[in-house]
Amino acid sequence: MTTFEIIKERVTVPRAAAYYGITSRNGMCCCFEHNDKHPSMKLYEKNYHCFGCGAHGDVIALVASILGVSMIEAAKRINADFGLGLDMDKPISRSDIIMIHRKRQEEQDYIEWENHAFNVLSEYHKLLLEWRSNAPESADDIPDKHFVESINTLDYCEYIFDSFLNGNKEERLLMKREVECFEQRIYAYRRECITCVAGGKGKDKRTAVFL
């Protein structure tokens, strides 16, 4: 286990945030990386994420950002302030450097997916709400297929969306399949709209909003 990994294992993000003056309530706090007037940053045990500006990182990145220092200096500060007793005078090893870059890329990839997943869930939820308004005018009318989809799927979509908003990184990653399915439905609806407009058919010629 590398020095950085030991630090992240022993000191949680909420604990470090509180120590360095970040006030949170129910795990939410104002983001320290932009002018945040309302709490938009979530403090998880192992990482933090701002739903306003997209800032994301582990406990070392958190302290580096709060104190305005490098990652190495932040690690040394945590080691000293929390009495971890690690030998931080040794030069960082090549394996540590490789691990840092790998973790940074993994975090960046996750952030991009998380933002994309949020947009997909938000867009599909809006479509389902819109389709719900296309209820048949009478019991004799054949219901629109999108209205039927909304009846069958809206509650489930809201459940997934709520779980995504309140879940941690690991829990969100478990929703990849649902996000992909919802995204496929959005693309299918876009194709329908484009075909409808191109052919001049159908009552609703509006195009879907692109993510």
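For the stretch 147-201, enumerate the residues that are among the polar types (S, T, N, Q) and part of a helix (DSSP H, G or I). Show your work before the answer.
Here is the first cut: in the stretch 147-201, the ones among the polar types (S, T, N, Q) are 150, 152-153, 163, 166, 168, 184, 195.
Listed by number, the residues that qualify are Ser150, Asn152, Thr153, Ser163, Asn166, Gln184, Thr195.
Whether any residue in the stretch 81-102 is buried (at least 17 other Cβ atoms within 10 Å of the Cβ), outside the structural domain of Asn119 (by TED's automatic domain parsing) and modelled with pLDDT of 90 or more is what I want to check.
No: zero hits.
Looking at the stretch 81-100, can you tell me whether even one residue there is within 30 Å of Arg185 (Cβ to Cβ) and in contact with a helix residue (DSSP H, G or I) (Cβ under 6 Å, 6 or more places away or on another chain)?
We begin by selecting, within the stretch 81-100, every residue within 30 Å of Arg185 (Cβ to Cβ); these are none.
For the stretch 81-100, residues within 30 Å of Arg185 (Cβ to Cβ) and in contact with a helix residue (DSSP H, G or I) (Cβ under 6 Å, 6 or more places away or on another chain): absent.
Among the residues of the stretch 62-73, is there at least one that is at positive phi and outside the structural domain of Glu171 (by TED's automatic domain parsing)? Please lay out each step first, then the result.
Of the residues in the stretch 62-73, the ones at positive phi are 68.
The next check asks that each one be outside the structural domain of Glu171 (by TED's automatic domain parsing); those that pass are 68.
The answer is yes; a qualifying residue exists.
What single numbered condition from (1) over 19 Å from Glu114 (Cα atoms); (2) polar (S, T, N, Q); (3) free of Cβ contacts under 8 Å to residues at least 60 places away in the same chain fails to hold for Asn79?
All conditions pass for Asn79, except number (3).
For Leu84, all conditions in the list (1) part of a loop (DSSP other than H, G, I, E, B); (2) more than 21 Å from Asn166 (Cβ to Cβ); (3) without any contact (Cβ under 8 Å) to a residue 40 or more places away in the chain hold save one; what is the number of the exception?
(3)
Matching residues to (1) at pLDDT 90 or above; (2) hydrophobic (A, V, I, L, M, F, W, C); (3) more than 22 Å from Asp109 (Cβ to Cβ):
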residue	(1), (2), (3)
Thr2	no, no, no
Val13	yes, yes, no
His38	no, no, yes
Glu45	yes, no, no
Ile78	yes, yes, yes
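Are any residues in the stretch 1-35 surrounded by fewer than 17 Cβ atoms within 10 Å (Cβ to Cβ), in contact (Cβ under 8 Å) with a residue 12 or more places away in the chain, over 21 Å from Ser70 (Cα atoms) and more than 17 Å from the chain's Cα centre (by Cα), and if so, which ones?
Arg25
Being on the phi < 0 side of the Ramachandran plot and at pLDDT 95 or above is true for just one of Glu170, Glu180. Which residue is that? Full working, then the answer.
Numbers: Glu170 fails: at pLDDT 95 or above.
Going through Glu170, Glu180 in turn, the sole match is Glu180.
List every residue pair whose Cβ atoms lie under 6 Å apart, where the two residues are 6 or more positions apart in sequence or sit on different chains, the first residue falls within the stretch 36-51 and is touching a residue at least 12 places away in the same chain (Cβ under 8 Å) and within 13 Å of Val11 (Cα to Cα), and the second residue, located anywhere, is among the acidic types (Asp, Glu) and crowded, with 19+ Cβ neighbours inside 10 Å.
Asn47/Asp58
The values are calculated or read from the model by the stated rules, or taken from the named source; none is laboratory data. Small disclaimer: the values here were computed from a predicted structure and weren't measured. Reconstructed Cβ throughout: ideal geometry from the backbone, glycine too, with neighbour counts over all protein chains shown.
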